[in-house]
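Inspection log for the structure reproduced underneath, given as structure tokens.
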Amino acid sequence: MPLVIEVKSHFDGDRKLVARMAEVLSRYSGPVVGMSFDPDQVLALREKMPGLPRGIIAQRCYDDDTWKKLTPEQRHSMLHLRHAFHTRPHFVAFWVDQLPAPAPWIARNIFGLPLLTWTVRTPAQRERAVRYADQMIFEGFRPGT
């Protein structure tokens, strides 16, 4: 089973967590991927561990209270995965409730990136994940049951 590590961030440019992750993973031989909402952390994963599969966690808009602490420039770069040519994620994990959406469709169907959904909890979300994504990040049930 692969280890999936979400790199949390304060969106302040601090890359110490990725540096520590690289140090710890240098002694780990199992399958692992890294992902983050913060494009700068995805870029840090690319620079520190270029062979590690990396992904961006995304959604359609960043205008609710959760994202108010970010600068308009930060939010703008996150919209529509605009950073992707720089960060070069290997996959996109997109909020299931905001699918379908143009950016993940383009990432999946034009650029061939696997599309994951988060966090699938209900039967309706499960149906949406099956319809629009390659895999789901789920909670509260066992797939296939």
message = Positive end of the dipole of the range 1-94, charges at C-beta (+1 Lys, Arg; -1 Asp, Glu), about the Cα centre: which of THR71, PHE11, VAL32 has its Cα farthest in that direction?
response = VAL32
query = Under a Cβ-Cβ cut-off of 15 Å, what is the net charge of the residues other than ASP40 that fall near it, where Lys and Arg count +1 and Asp and Glu count -1?
reply = +4
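For the chain, with only Lys/Arg (+1) and Asp/Glu (-1) charged at the beta-carbon, what is the dipole magnitude about the Cα centre, in debye rounded to 20?
Details: 20 positive and 15 negative charges, 60 e Å.
Here the size comes out at about 280 debye.
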task = Using a 10 angstrom cutoff on alpha carbons, build the Gaussian network for the chain and name the most mobile of TYR132, TYR28, TYR62.
result = TYR28
request  = Give the carbon-plus-sulfur fraction of the accessible surface of the range 52-145 in %, rounded to a whole number; probe 1.4 Å, heavy atoms of protein chains only.
outcome  = 57 percent
inquiry  = Through the Karplus equation 6.51 cos²θ - 1.76 cosθ + 1.60, θ set to phi - 60°, convert the phi angles of the range 63-80 into ³J(HN,Hα) values in whole Hz; use x for Gly and Pro.
reply    = 10, 8, 4, 4, 9, 4, 5, 7, 6, x, 5, 5, 4, 4, 5, 7, 4, 6
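Between beta-carbons, use under 13 Å as the cut-off and find the net charge around ALA133, counting Lys and Arg +1, Asp and Glu -1. Before the final figure, lay out each step's value.
Values: positive: ARG108, ARG126, ARG128, ARG131; negative: ASP97, GLU127, ASP134.
Its environment carries a net charge of +1.
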request  = Could you pull the accessible area for ASP40 with a 1.4 Å probe, rounded to 10 Å²?
outcome  = 50 Å²
key: Largest-first principal axis extents of the Cα set of the range 1-76 (Å)   = 40, 24, 17
Added length on full extension, which subtracts the Cα-Cα distance from 0.36 nm per residue, ASP65 to LYS16 = 15.0 nm
Point-to-point label distance, ARG131-ARG27, nm (Cα→Cβ direction, 7 Å offset) = 4.8 nm
ask   = Residues of the range 37-77 with amide nitrogen under 19 Å from the 7 Å Cα-to-Cβ point of ILE110?
value = 56-61, 76-77
inquiry  = Could you work out [θ]222 nm for the chain from helices alone, using -39500 (n - 2.57) per DSSP H run of at least four and dividing by all its residues? Round to the nearest 500 deg cm²/dmol.
reply    = -9000 deg cm²/dmol
ask   = Mind listing the phi-derived Karplus ³J(HN,Hα) values for the range 34-44, rounded to whole Hz, using 6.51, -1.76 and 1.60 with θ = phi - 60°, and x for any glycine or proline?
value = x, 7, 7, 6, 8, x, 5, 6, 5, 5, 4
query = At a probe radius of 1.4 Å, what is the per-residue accessible area of SER9, in Å² to the nearest 10?
reply = 30 Å²
Alpha-carbon centroid distance for the pair the range 1-48 / the range 73-145, whole angstrom = 19 Å
task = Any chance you could look up the accessible area of LYS16 with a 1.4 Å probe, heavy atoms only, rounded to 10 Å²?
result = 140 Å²
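With r as the distance between the Cβ atoms of LYS48 and GLU139 and R0 = 35 Å, compute the FRET efficiency 1/(1 + (r/R0)^6) and round to 0.05.
Details: r = 29 Å, r/R0 = 0.83.
The value I calculate is 0.75.
Counting heavy atoms of the protein chains only and a 1.4 Å probe, report the per residue accessible area for the chain as a whole number of Å². Working shown, then result.
On the way: 8690 Å² over 145 residues.
Per residue, the chain has an accessible area of 60 Å².
The values are calculated or read from the model by the stated rules, or taken from the named source; none is laboratory data. Note that the coordinates shown come from a computational prediction; the quantities given were computed from them, not determined experimentally. With ideal geometry, Cβ positions are generated from the backbone for all residues, glycine too; neighbour counts draw on all protein chains shown. Protein only, heavy atoms only, side chains kept; ligands, DNA and RNA dropped before computing areas. Shrake-Rupley method; radii C 1.70, N 1.55, O 1.52, S 1.80 Å.
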